[in-house]
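> Below you will find the structure I want to go over with you.
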Amino acid sequence: MTILDRFSQKGRVALVTGGGRGLGFEIAKALAEAGGHVVVTGRTAETLDKAVERITAAGGSAAAATFDIADRTAQRAVLAAIEEAHGRLDVLVNNVGARDRRPLAEMDDDAIDELIRTDLSAAASLSRDAAALMTRNGHGRLIAVTSIGGHVAMPNDGIYPAAKHGLTGLMRSMAVEYAPHGITSNAIAPGWFATETNAALAADEGLMPFVRQRIPVQRWARADEIAGAALFLASDAASFVNGHVLVVDGGMTVRM
């Protein structure tokens, strides 16, 4: 087996939440290009159908599952359907994340609870149940897309980084708990990516002096620049990488 063979996903099944667009789509596309079958999830069927169409048109294998990530019953149903159809789940990428940029003083309890439920609790329950399925096959890769917001802070954005930091702790805890079952658990912490969600910010020329000063590579990341990190952590090339946070931010968090 060559080093390139170790990146292959042939014969493997992956579930990518929020896989219809942005970073989730790029991750799903990469896993499919490497030979895997990818199930993309989200709340909008039209978006997911377009993502599946793009992946399959490029020669990949993909399917869609439309549901709200915070719906625990729907989570279990999707995992059961994957097990029935394929008999296995090899990779779970928890990519969904909601954000509410307001001062903490303006957020009521319901708003806080909703963000934590979407950004952390849902990933915890899905990871737990996915790990149970992976354990039966003695192999798995749990990956959480967190954020550099879990390492550095900005004003008026308190709960999102708290949830992302919680995801980091979850992956590290699962790394210890599930490694004896052949499952590794890692996180990817993206920096400033020019996705659909950030399109207006990325197009704002007024921000570019800050970008050039703060990010050593002096630009926003392209959405597809997340793909290599995800494929690595999902692959046999990362078989001894466990409990790690792979920061993909152009050096933003290490610059003083």
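The values are calculated or read from the model by the stated rules, or taken from the named source; none is laboratory data. Quantities reported herein were computed from a predicted structural model and do not represent experimental measurements. Every residue, glycine among them, receives a Cβ derived from its backbone with ideal geometry; neighbour counts consider all protein chains shown. Accessible surface areas use protein heavy atoms only, side chains included; no ligands, DNA or RNA. Shrake-Rupley method; radii C 1.70, N 1.55, O 1.52, S 1.80 Å.
> Counting other C-beta atoms within 10 Å, and keeping those with at most 11, which DSSP coil chymotrypsin sites (Phe, Trp or Tyr not before Pro) do you find in region 202-256?
F240
> Based on the mean of other Cβ atoms within 10 Å per residue, sort peptides 13-20, 36-43 so the most packed one is first. Each step should come with its number before you reach the end.
On the way: 13-20: 27.1, 36-43: 24.8.
For the peptides 13-20, 36-43, the packing ranking is 13-20, 36-43.
> Here's a follow-up. For the chain, count all C-alpha to C-alpha pairs, find those more than 21 Å apart, and express that count as a whole percent of the total.
The share of Cα pairs beyond 21 Å in the chain comes to 58 percent.
> Could you work out the relative contact order of region 1-102, using alpha carbon pairs under 8 angstrom and six or more residues apart, expressed as a whole percent?
So the answer I get is 30 percent.
> Let me ask something additional. How many angstrom separate the Cα center of region 67-146 from the Cα center of region 172-237?
18
> Moving on. Using a 1.4 Å probe over the heavy atoms of the protein chains, calculate the carbon and sulfur portion of the accessible area of the chain as a whole percent. Let's see the in-between values first.
Values: 6430 of 12150 Å².
Of all accessible area on the chain, carbon and sulfur atoms account for 53 percent.
> Could you work out [θ]222 nm for the chain from helices alone, using -39500 (n - 2.57) per DSSP H run of at least four and dividing by all its residues? Round to the nearest 500 deg cm²/dmol.
-12500 deg cm²/dmol
> Further question: In terms of modelled amide H atoms, which long-range or inter-chain residues lie less than 5 Å from the amide H of G42?
G18, A65, F67
> Sum up the charges of everything whose Cβ sits under 14 Å from the Cβ of A32, counting Lys and Arg as +1 and Asp and Glu as -1, but leave A32 out. Show your work: numbers first, answer last.
Values: positive: K10, R12, K29, R54; negative: E26, E33, E53, D90, D224.
Counting the neighbours of A32, the net charge comes to -1.
> Another one. Sorting check: for 177-189, 99-111, which peptide has the highest mean count of neighbouring beta carbons within 10 Å, and how do the rest follow? Can you show the working numbers first?
On the way: 177-189: 19.6, 99-111: 11.6.
Those peptides, ordered most packed to least, come out 177-189, 99-111.
> Something else now. How long are the three semi-axes of the equivalent ellipsoid of region 141-204, in whole Å, if each is the root of 5 times an eigenvalue of the C-alpha gyration tensor, listed from largest down?
28, 14, 7
> Using the Karplus curve 6.51 cos²θ - 1.76 cosθ + 1.60 with θ = phi - 60°, work out ³J(HN,Hα) for each residue of region 89-102 in order, rounded to whole Hz, and write x for Gly and Pro.
9, 9, 9, 10, 10, 7, 10, 4, x, 9, 9, 9, 7, 9
> Follow-up question, since we're still on this one. How many Å² of accessible area per residue for the chain, probe 1.4 Å?
For the chain, the per-residue accessible area is 47 Å².
> Could you compute the net charge surrounding R255? Neighbours are other residues with a C-beta less than 12 Å from the C-beta of R255; K and R count +1, D and E count -1. Kindly include the intermediate steps, with their values, before the conclusion.
Numbers: positive: R212, R214; negative: D249.
In short, +1.
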